[in-house]
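**Student:** Mind having a look at this structure? Questions to follow.
The values are calculated or read from the model by the stated rules, or taken from the named source; none is laboratory data. Quantities reported herein were computed from a predicted structural model and do not represent experimental measurements. For neighbour counting, all protein chains shown are included, and Cβ atoms are generated from backbone atoms with ideal geometry for every residue, glycine included. To get the accessible areas, we keep the full protein, side chains included, count just its heavy atoms, and leave off ligands, DNA and RNA. Shrake-Rupley method; radii C 1.70, N 1.55, O 1.52, S 1.80 Å.
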Amino acid sequence: MKRVAVMTSGGDAPGMNAAIRAVVRTALEFGIEVIGVRQAFSGCLNGDFQPLDSVAVSGILQRGGTVLQTAREEEIRTLSGQRKALRRLNEAGIDGMVVIGGGGSMAGALALHKLGFKVVGVPGSIDNDIWGTDMSIGVDTALNTIIDALDRIRDTATSHQRAFLVEVMGRNTGYLALMSSILGGAEIVVTPEREATMEEIADSLIDSYTRGKSHAIAVIAEGASVSTTKLADYLESHPQVGFEIRLSILGHMQRGGRPSAFDRRLASILGMRALEALRDGQSGVMPGMQGREIHQVPLEEVVVNERHMSDWYYDLAHILSR
Ligand code: F6P
């Protein structure tokens, strides 16, 4: 292997820059040249390549976002798009690639692997919905951001005896919602895996109010079927809830910011392991953290399985909210 490419794909996640840096510096250590692909698979299809040396990745370890930029590209889902991407990579003399991103990006990586190109994935997404790894790059930072927001919201909620509905990211899974509800002391959590009706949410807030709580926080995952704006209207029109109601949608601020120590460490380790796999001739795998070990998980497994939280965490959330 003489020249590898690296890209970040899908939603950005804090720590992606640390992963790029680890890929580049490990490759250089192995005597392999590195080409950065700008704007993920879109850049790949357009041949938007830029050589990366050690200095190019200096000073990015602590930065959020991704210096290579990212995109969600539909064309790479088609066979013609995949062939076009391979042509571009071949023309640039690239013989392997690291794709840092979420589930959709791992599917793109797998498609290129199946066409005979050497590709290794690195899990990066704040949602923590990627199979084969306990944690993805960016999750810890996003969780800390949400907890910080919940702490601040509780200060003002208590001062006014209000209940806050806090909508957090998580399109298909409720990891961020569930964990932040436990670690941020919320009264109730609603996720795509554990839905609740408006009546049930109202009952939980009424229960908190009648037990004399000075505030209540309901964390709702973006992917849950209840609409937070409709829920806010519903609760406002039920005075027996007791609390005044406010809605706070945290949005994309959850994706930005300096990566935590955990994410820098995870990104550095996974970036290095990805390069080791390519150097050793492996392809179609993704290094994943499982307990204290890093395993090379086949992308075939990654893309067909869904990662969900154990039900036990919902019990924990409920008990600790009492
Ligand atoms: O997958 C990460 C994520 O932040 C999801 O939680 C969210 O639903 C989605 O990306 C938002 O995507 P976009 O930035 O394209 O609006």
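**Student:** Could you tell me how many of the residues in segment 140-151 are within 16 Å of the ligand (Cβ to nearest atom) and touching a helix residue (DSSP H, G or I) at 6+ places or on another chain (Cβ under 7 Å)?
**Tutor:** Here is the first cut: in segment 140-151, the residues within 16 Å of the ligand (Cβ to nearest atom) are 140-146, 149.
Within this subset, residues satisfying the condition of being touching a helix residue (DSSP H, G or I) at 6+ places or on another chain (Cβ under 7 Å) are 140-143, 145-146.
Looking only at that region, the number is 6.
**Student:** Looking at segment 215-322, what strands (runs of 3 or more DSSP E) fall wholly within it and have at least 2 residues that are more than 18 Å from ALA177 (Cα to Cα) and of a type outside the set (Lys, Arg)? It would help to see each step written out before you state the result.
**Tutor:** Details: elements: 216-221, 244-249, 285-290, 293-298.
Correct list: 244-249, 285-290, 293-298.
**Student:** Considering only segment 143-160, state which residues are open to solvent by 20 Å² or more (accessible area, probe 1.4 Å) and either outside the structural domain of HIS215 (by TED's automatic domain parsing) or under 17 Å from the mean Cα position of the chain (by Cα) (or both).
**Tutor:** Residues satisfying the conditions are ASN144, THR145, ILE147.
**Student:** Criterion first (crowded, with 24+ Cβ neighbours inside 10 Å and more than 26 Å from ARG258 (Cα to Cα)) does ALA163 satisfy it?
**Tutor:** On the way: crowded, with 24+ Cβ neighbours inside 10 Å: yes; more than 26 Å from ARG258 (Cα to Cα): yes.
Judged against the criteria, ALA163 is a match.
**Student:** Just checking, which of LEU61, LEU68, LEU86 is assigned to a helix (DSSP H, G or I) and not hydroxyl-bearing (Ser, Thr, Tyr)? If you could, list the steps in order and put the result at the bottom.
**Tutor:** Working: LEU61 fails: assigned to a helix (DSSP H, G or I); LEU68 fails: assigned to a helix (DSSP H, G or I).
Answer to the check: LEU86.
**Student:** Could you check segment 283-322 and list, in sequence order, the residues that are surrounded by 12 or more Cβ atoms within 10 Å (Cβ to Cβ), within 30 Å of SER208 (Cβ to Cβ) and over 19 Å from the mean Cα position of the chain (by Cα)?
**Tutor:** TYR313, TYR314, LEU316, ALA317, HIS318, LEU320, SER321
**Student:** From the list ALA202, ALA216, ALA177, ALA232, which one is within 14 Å of the ligand (Cβ to nearest atom) and surrounded by 14 or more Cβ atoms within 10 Å (Cβ to Cβ)?
**Tutor:** On the way: ALA202 fails: within 14 Å of the ligand (Cβ to nearest atom); ALA216 fails: within 14 Å of the ligand (Cβ to nearest atom); ALA232 fails: within 14 Å of the ligand (Cβ to nearest atom).
Being within 14 Å of the ligand (Cβ to nearest atom) and surrounded by 14 or more Cβ atoms within 10 Å (Cβ to Cβ) holds for just one of ALA202, ALA216, ALA177, ALA232, which is ALA177.
**Student:** Restricting to segment 1-53, name every residue that is open to solvent by less than 10 Å² (accessible area, probe 1.4 Å), assigned to a loop (DSSP other than H, G, I, E, B) and more than 16 Å from the ligand (Cβ to nearest atom). Break it down into steps so the answer makes sense when it comes.
**Tutor:** At the first step, the residues of segment 1-53 found to be open to solvent by less than 10 Å² (accessible area, probe 1.4 Å) are 4-9, 13-20, 23-24, 27, 32, 34, 36-37, 40-41, 43-45.
Add one more test, that the residue is assigned to a loop (DSSP other than H, G, I, E, B), and what stays is 9, 13-15, 32.
Listed by number, the list holds a single entry, ILE32.
**Student:** Considering only residues of segment 104-128 that are within 15 Å of the ligand (Cβ to nearest atom) and surrounded by fewer than 23 Cβ atoms within 10 Å (Cβ to Cβ), which is nearest to GLY31 (Cα to Cα)?
**Tutor:** Step by step, filter segment 104-128, then rank; the result is ALA107.
**Student:** Run LEU235 past the list (1) farther than 21 Å from ASN172 by Cβ; (2) within 16 Å of the chain's Cα centre (by Cα) and report the number of the one that doesn't hold.
**Tutor:** Of (1) farther than 21 Å from ASN172 by Cβ; (2) within 16 Å of the chain's Cα centre (by Cα), only one is false for LEU235: (2).
**Student:** What residue, among those in segment 54-95 that are more than 25 Å from the chain's Cα centre (by Cα) and of a type in the set (Val, Ile, Thr), is least open to solvent (accessible area, probe 1.4 Å)?
**Tutor:** This residue is ILE94.
**Student:** Any residue in segment 169-186 that is in a loop (DSSP other than H, G, I, E, B) sitting within a Cβ distance under 6 Å of a residue that is open to solvent by 20 Å² or more (accessible area, probe 1.4 Å) and more than 10 Å from the ligand (Cβ to nearest atom)? List the pairs, counting only those 6 or more apart or interchain.
**Tutor:** Cβ pairs passing all conditions: GLY174/PRO192; GLY174/GLU193; GLY184/ILE147.
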